[in-house]
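Read the figures in this text as sums done on the coordinates, not as results from a lab. This one's a predicted model, so the numbers in the text were calculated from it and none came from an experiment. So basically every Cβ, Gly included, is an ideal-geometry build from the backbone, and we count neighbours across all protein chains shown.
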Amino acid sequence: MSSASESHASSTTQGTLKIDESITSWTLDAGRQQIYAGTEEGSLLIISEETFSVLKSIDVGSGPVRDLDLIEDSLWLSTEEDQQAVNVDLNSNTVIQKIKLNKEPDRIEVIDNRLYYSNQYDVYFVNSDEGTEEGLSSLRGLAHPDLESTDSGELIATGSVNFDVYKFNESNELVQSTATMSPIKEGRPSKNVLLDGEEIFYAGKSYDLNQLDRVNGDYIKEGYKETFYAVTDNFVFSQVAIYSRHTYLKVADLSFETRYILAESMDQVYLYDSDTSTIYKKNFNLDSSFKPQQTTVINQKLSLQHDITSWVKDDENNLIYAVSRTNNSLLTIDMATLEVINERYIGSNPIDLVRTDNGKLYIANSGATQITIIDGGEKSTFSTSVIPYQITTDGQSLYYASDEVDSHIYEVQLDSLKESLVTTNFTNSTYRFARPSLAYDSNQDVIIAGERSMGGLLYSIQPDDLTIKESESDNSYGYEKPSYKIFVDSQHIYHAQQQISEQDITNITHHFDEDIIHVSNQYVVTDLGVYDKEDLTKKVISFPYEDDQVEEAVINQQGELILYVVDQGSPYVLKYDELKSVNEVSPLEVQSNWSGEDLTLSWYETKANQYKVMFKTNNMQDFFELTQVNDTSYQLTNDERSMFNGENVSFVVKPVVGKNILDGEKVEVSFEHLDPINKDFSKTVELDITDMVQSDHAFEHEVARDAISIQLVSPLLFNMNLTDTKYFKLESRHGTLTFPMELMRLMSFHSDSKLKLEIKSVTGEVKKRAEDRFNEIVSPFVDFSLVKNTNGESKTINSFIGHITNYPKRQISIDVTDPSQLTVVMDQKGRIKPVPSRIVKDENGQYRAEFYQEGNYTYYVVRTDNQVFVDLSEKHWANKSVDYLSDHLIVHGIGDSQFAPDQHVTRAEFAAFITRALGLQSDDTPDLIQLKDVNPIRWYADSVFAAEMADLVSGYEDHTFRPHRTITREEMVVMIIRALQHVNGPLGVEDVVIEQFKDANQVKPWAVDNMNKAISLGIMAGRTEDQIVPQGTVTRAEAAAMINRMIKQFNFMQ
């Protein structure tokens, strides 16, 4: 029955309806004002919108109803276990037809009496007149395809391995597809597809229904992790959030995750919570319009809420035009004042922009096949053949390229907007480029293309006479991932940390060990400082920031330096009147305010990103740090005030600019008249567990068909701790949990303590996510749970003391005869991750997946697809390692078919590799993480946080991780040995073998022991017979080989 309304911040709950069965599919009938819901139990529920109650339940099958399709007065359903398509007449609410199908149906679609259904791999057309079925032959490599239809009677199918969309006519002929688009590489979404008006919403994007190769926009910023389930005029619903339909920005979060959403308008939205079997009827009051960010300018520091992706300067008007990919906007910044004059919506994921001599701006929108034009105050757009990522112009034409490893370069004539392909039909061959950056060289009248991977080659292209010059590959610096920026002056080209002769692009005239971010008439600006062109060996000024923190720079006509900096996740723009003032800040003028109870220190805003508050009492010789804050004030806590009671204290506030701590300003405060502050003290009581009592009621347990639960009460826990028992084993028909008594002895139990261990089979959202992600699932979905209860308070045990092979051993039953390419994955609150495991056979000949893992999550076993990489032959020395890691979801390709074995690996990428290999996951408390340059929204953040929590990485002395820096061989070895010890415990390797290499003295002291262990264990070998090259960079192939050798050393893999 319905309950009373409940208000929330952006929505009002108009009612709730508890359902006795589990909904598996549903649809809305606006004409009849009814909801039709199929259930796990094989029922069709008819729900009235007006009374918000179940009007009728119809038995339509013996198992789950997978899909519904509403056709005027008929409702078609697919029933999985019965292998049937069921037709219900909605006038009489009775089943009038059942069609037996050859396969188990998932999705169903009926178009003008043509019946289509999909199963796990294929789409079938049912000819009811002839009683035959046929597969749509144009579809290959499908995985749980979804089906929809257009108003004109065309079939839309999704769900290929590359997440393409296909359109078929009434003759079942393929007429359009998105197969030419870039495949989705990370965070694979569900195959769910929505059609509304002229748009298709699928895999985080909006496509043009009439031209499937046209992408309108991308709703997801950090990988396509969400799937859309409802759309209204102005909003799009994913399983966790609501997006503005036309600005592609998130406007609100849902209160719970769900894939069951019905919405014709925001006034009446239905959401089903599968955990509680409750339907919520809600009204949402949201604004879909674009909202400029709040900005402030104090002391020549512009503080922003959103990142800047790229910018260009306008010297004539003393302006900067900057695009923000996180706010889909264009900002106009006054270089004189740093005020944001204007911010406007510009397109989906703006990534690059250029300005022509006549003042027009052209902006590449990397979330769409679209480029935006700003002419004065007027905005217009034009479509492109592929998603644009980098652009440049010669004033007559615009040139753009995609972000793919085999990109073409396209030319668009600015007067007619006619597009053509530049890089085909050259004199000798067809050219493609690896993620090229672009610039126009007006001196030579050529386009400069610089690859941002695969060695960073540079090309000089003359489009008119179709000639091209190519630089020689130079990997001596190990710089495989150049910054995307290319600059050209009167004599040189600047790219990939290099100054290159404009006349001879094979001639590198200078190498900077820093990313070049701006070039003026006199200076070269990198992310770490400024160089004078007259002597590039000397740095004019060093920035107080780490690499990658200064992302953009401009030196204007007045000689002022303007920097865009991202420090500890905070973006801001800084202006310096002179270069020498970069490491200076304006006076703080620290003041103290004593209210009689509270003391507050305050100071003026400066260009500093943080402030250290130091203190010293009369009897102290040195200042000690009290705290570090981002704000311009600090109020002492009660404990701090108590500590200073009766003291005269000197406080110093020191500005922190990047990595530099500058001299501060002092203020004296007397605490002589401060009243004592009452403090609560707590103590920890340790129980003596040697004084035990015997109990006849040792444990409590429950056993069900798909679950087993046992609760160990305190007397038994204590007695078990005193015995020689090695382990405690809990076994169900789906899984086994073996709990070492050594762990039990390390856990502190109270006299009222209970330890509940549970194994149960689950389905619901976990099962759906798995089916959407994987083609073959070979085990049940098993949830392992360990909960400690003391004094009525329950605490889930998610971590254990010691190394992994001392953790509880878990096993999952699998029903296969071929154990190849099987791997265990876990569902961590919607995040699917691999788990290190091995496949064993028990005494009955049944295969089981065995693994040791922290965390109370759901685990299951999948058979992965055999990924074929076109750039990795069977004879490649690392082929077997890459195959193994790819099969176990530890490494992924670059694009849909390349592995890029010779591409160098960054610290962030290697952290991702090694945490996947160990099955590590981060905590839900990122505030405990100490690495200040790892933004929690970045794709690598979870891996880096997990690696830090497991002590695989500790970062640099300044608490940075430097994720984009290429990892060195000795850094990689340290992470690998720490990982191996995390699994196996201490390694007893004492032989000194590193001295056999001539360059052993180049190994940093902190890496010597780990390097010695890696060589002794056969994980690391020299680059040559007598050279270990500890500072050398690491390729993807080398990283894969090292990870594979590490896994073979795991104790439980033996």
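Quick rundown of the values:
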item	result
For T295, residues with placed amide H under 5 Å, excluding near neighbours	none
Sequence of K1048, K754 once ranked by neighbouring C-beta atoms within 10 Å, starting from the fewest	K1048, K754
Those trypsin sites (Lys or Arg not before Pro) in the range 840-895 that DSSP places in a loop and that have at most 12 other beta carbons within 10 Å	K875
Sorted by Cβ neighbour density within 10 Å, fewest at the top, the residues S289, S177	S289, S177
Full-extension gain in nm, S633 to E72, via 0.36 nm per residue minus C-alpha separation	195.4 nm
Label-point separation, K875 to N172 (7 Å along Cα→Cβ), nm	4.4
Cut-off under 5 Å, modelled amide H: who pairs with E199 long-range	L209
Placed amide H near V175: partners under 5 Å, 5+ positions off or other chain	K167, F168, N169
Residues in the range 251-268 that a label on A30 would reach, taking backbone N under 14 Å of a point 7 Å out along Cα→Cβ	262-268
Karplus-derived 3J(HN,Hα), 6.51/-1.76/1.60, for each residue of the range 531-540, Hz, glycine and proline x	10, 8, 4, 5, 8, 6, 7, 10, 8, 5
Computed FRET value (nearest 0.05) for K768 with D958, which takes r as the C-beta separation and R₀ as 41 Å	0.40
Student exercise, the range 879-1053 dipole from Lys, Arg, Asp, Glu Cβ charges, in Debye to nearest 20	260
N127-D59 FRET efficiency (beta carbon distance; Förster radius 25 Å; 0.05 resolution)	0.35
Nearest-0.05 FRET efficiency for Q996 and D287, computed from C-beta distance (R0 60 Å)	0.30
The range 844-896: GluC sites (Glu not before Pro) falling in loop per DSSP and having at most 14 other Cβ within 10 Å	E874
Options A1000, N984, V891, ranked by Cα towards positive dipole end of the range 879-1053, top entry (Cβ charges)	V891
Dipole axis of the range 879-1053 (+1 Lys, Arg; -1 Asp, Glu on Cβ), positive-most option in Y940, Q921, H959	Y940
For D334, D515, D315, order by how many other beta-carbon atoms lie within 10 Å, fewest first	D315, D334, D515
